[in-house]
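Peer 1: My structure is below; once you've seen it, I'll send some questions.
No value in this document is a laboratory result; all are computed from the given coordinates. As the structure is a computational prediction, the values presented were derived from the model and not from experiment. Because the Cβ atoms are built from the backbone with ideal geometry, glycine has one as well, and the counts that use them run over all protein chains shown.
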């Protein structure tokens, strides 16, 4: 893999990791203080995803992006 391509993949995966982890932490905090909202839809534009689905999806994305980040860094 070219050095520049590896560097770009490393930076993108780190960015995705940070933002998806923060989104998951936000949903956990929201569930801690307002547990009744976890079954609500995430946005009023669509009935899916709900807040609880979004939290699980965020942690799955953060796990795989962290894995990619670790595999591409030197």
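Peer 1: Go ahead and run the numbers for FRET between residue 12 and residue 56, Cβ-Cβ distance against an R0 of 22 Å, rounding to 0.05.
Peer 2: Given R0 = 22 Å and the Cβ-Cβ separation, E is 0.50.
Peer 1: So what does the Cα-only Debye profile of the chain read at q = 0.11, 0.12, 0.22 Å⁻¹, as log10 I(q)/I(0), no solvent term?
Peer 2: -0.36, -0.41, -0.87
Peer 1: So what is the relative contact order of region 3-72, in percent, for Cα pairs below 8 Å that sit 6 or more residues apart?
Peer 2: The value is 46 percent.
Peer 1: A further question follows. Each label point is 7 Å from the Cα along the Cα-to-Cβ direction; what then is the distance between the points at residue 5 and residue 42, in nm?
Peer 2: With each label point 7 Å from Cα toward Cβ, the separation is 3.0 nm.
Peer 1: Separate question: Which order results if 7, 34 are arranged by neighbouring Cβ count within 10 Å, fewest first?
Peer 2: So the ranking, lowest neighbour count to highest, is 34, 7.
Peer 1: Cα centroid distance between region 41-62 and region 24-40, in Å?
Peer 2: What the calculation gives is 11 Å, centre to centre.
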